[in-house]
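Q: Supplied in structure tokens, the structure appears directly below.
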Amino acid sequence: ADLINYIIEKYPNEIIDILDSRFSFIIFDEAQDMKNHLENFAKLIHKSKIESFFLGDSNQNINGGGTWFERLEATKIFNKSFRCPETNCQWIRKKLHINIYGNDFISELKEISLDKVPLYDDGKRILLYSAANGDIKTIINNWKGKKYTIKSAKGKTLTEDVVIVGKTMNKKVYYTAITRTTCNVFTTINKIT
């Protein structure tokens with residue numbers, strides 16, 4: 001990272017010349033996650049004459065990305081998810097106040113209590129969690145099916161039902177968890193921060 005930042009700082013024109021001679025345009029995907037040297041590189045490209053596209057969802061900035069992307073003025077906004085079913089998106093619009101629309105997959109988003117989670121462990125559902133402590137750690141340790149932290153599931157398209165466990169969760173993390181699956185969501189979260 002230090003070397004990249006040094007090169008960006010000392011040789012910006014050379015970087016632009018090399019890229020401009022080789023590429024018609026540059027696409028940055030998951031731009032909300034860029035930070036440090038990646039963000040500095042994106043800023044360099046953005047202010048150059050190279051045609052560039054920055055794709056991302058600031059509502060999914062859960063990996064500590066910089067705020068530069070969030071301050072860009074969008075030229076196009078797509079608020080349709082091709083992964084997330086409309087039923088889940090309706091819940092997101094109502095509870096999280098994020099304007100997203102889904103596909104026509106049939107699904108259910110159901111709020112359950114933490115003590116009922118073992119009833120949903122059929123070995124096929126995927127457990128998603130943010131932190132492993134207290135009761136949550138016990139649930140994670142006893143889970144028969146696949147399990148991921150929400151950060152490690154980011155970018156994945158899950159084709160199984162998911163069970164989201166926790167008592168409280170950050171809005172962006174929660175949104176990211178719900179939108180991972182094309183199927184049903186069962187959640188124990190009762191407080192959104």
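The values are calculated or read from the model by the stated rules, or taken from the named source; none is laboratory data. Keep in mind that this is a model prediction, so the values were computed, not measured. Cβ atoms come from the backbone with ideal geometry, glycine included; neighbour counts cover every protein chain shown. SASA here: full protein model, heavy atoms, side chains in, ligands and nucleic acids out. Shrake-Rupley method; radii C 1.70, N 1.55, O 1.52, S 1.80 Å.
Q: Looking at GLU30 and the list (1) acidic (Asp, Glu); (2) without any contact (Cβ under 8 Å) to a residue 60 or more places away in the chain; (3) buried (at least 16 other Cβ atoms within 10 Å of the Cβ), which single condition is not satisfied?
A: Of the numbered conditions (1) acidic (Asp, Glu); (2) without any contact (Cβ under 8 Å) to a residue 60 or more places away in the chain; (3) buried (at least 16 other Cβ atoms within 10 Å of the Cβ), the odd one out for GLU30 is (2).
Yes/no per residue for (1) open to solvent by 60 Å² or more (accessible area, probe 1.4 Å); (2) assigned to a strand (DSSP E or B):
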site	(1), (2)
ARG83	no, yes
THR87	no, no
LYS94	yes, no
ILE98	no, no
ILE106	yes, no
LYS116	yes, no
THR138	yes, no
LYS144	yes, no
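Q: Could you list, in sequence order, all residues of region 118-136 that are part of a loop (DSSP other than H, G, I, E, B), modelled with pLDDT of 95 or more and either exposed (fewer than 15 other Cβ atoms within 10 Å of the Cβ) or of a type in the set (S, T, N, Q) (or both)?
A: Passing the criteria: ASP122, GLY123, LYS124, SER130.
Q: Given the conditions (1) touching a residue at least 12 places away in the same chain (Cβ under 8 Å); (2) within 29 Å of ASN36 (Cβ to Cβ), report the number of the one that ILE106 does not fulfil.
A: So the condition that ILE106 fails would be (2).
Q: Considering only residues that are out of contact with any Ser or Thr (no Cβ under 9 Å at 6 or more places or on another chain) and of a type in the set (A, V, I, L, M, F, W, C), which ones fall in region 120-138? Please lay out each step first, then the result.
A: Narrowing region 120-138 to residues out of contact with any Ser or Thr (no Cβ under 9 Å at 6 or more places or on another chain): 120-125, 127, 133-135, 137-138.
Listed by number, the list holds a single entry, LEU127.
Q: Could you give every pair whose Cβ atoms fall below 8 Å, whose first residue belongs to region 70-81 and is under 19 Å from HIS97 (Cα atoms), and whose second residue is part of a loop (DSSP other than H, G, I, E, B), counting only separations of at least 6 or pairs across chains?
A: Pairs that qualify, where the first residue is under 19 Å from HIS97 (Cα atoms) and the partner is part of a loop (DSSP other than H, G, I, E, B), are GLU70/ASN61; ASN79/ASN99; ASN79/ILE100; LYS80/ILE100; SER81/ILE100; SER81/THR179.
Q: Just to be sure before I move on: is ILE139 farther than 28 Å from LYS35 by Cβ and in contact with a Leu (Cβ under 8 Å, 6 or more places away or on another chain) in the structure I sent?
A: Here the answer is yes, as ILE139 does meet what is asked.
Q: Within region 146-193, track down each residue that is in contact (Cβ under 8 Å) with a residue 12 or more places away in the chain, more than 18 Å from TRP91 (Cβ to Cβ) and open to solvent by 20 Å² or more (accessible area, probe 1.4 Å).
A: LYS146, LYS147, TYR148, THR149, LYS151, LYS154, GLY155, LYS156, THR157, THR159, GLU160, LYS167 - these are the residues of region 146-193 that are in contact (Cβ under 8 Å) with a residue 12 or more places away in the chain, more than 18 Å from TRP91 (Cβ to Cβ) and open to solvent by 20 Å² or more (accessible area, probe 1.4 Å).
Q: Could you look through region 52-81, keep only residues that are assigned to a loop (DSSP other than H, G, I, E, B) and of a type in the set (Ser, Thr, Tyr), and pick out the one that is modelled with the lowest pLDDT?
A: THR67
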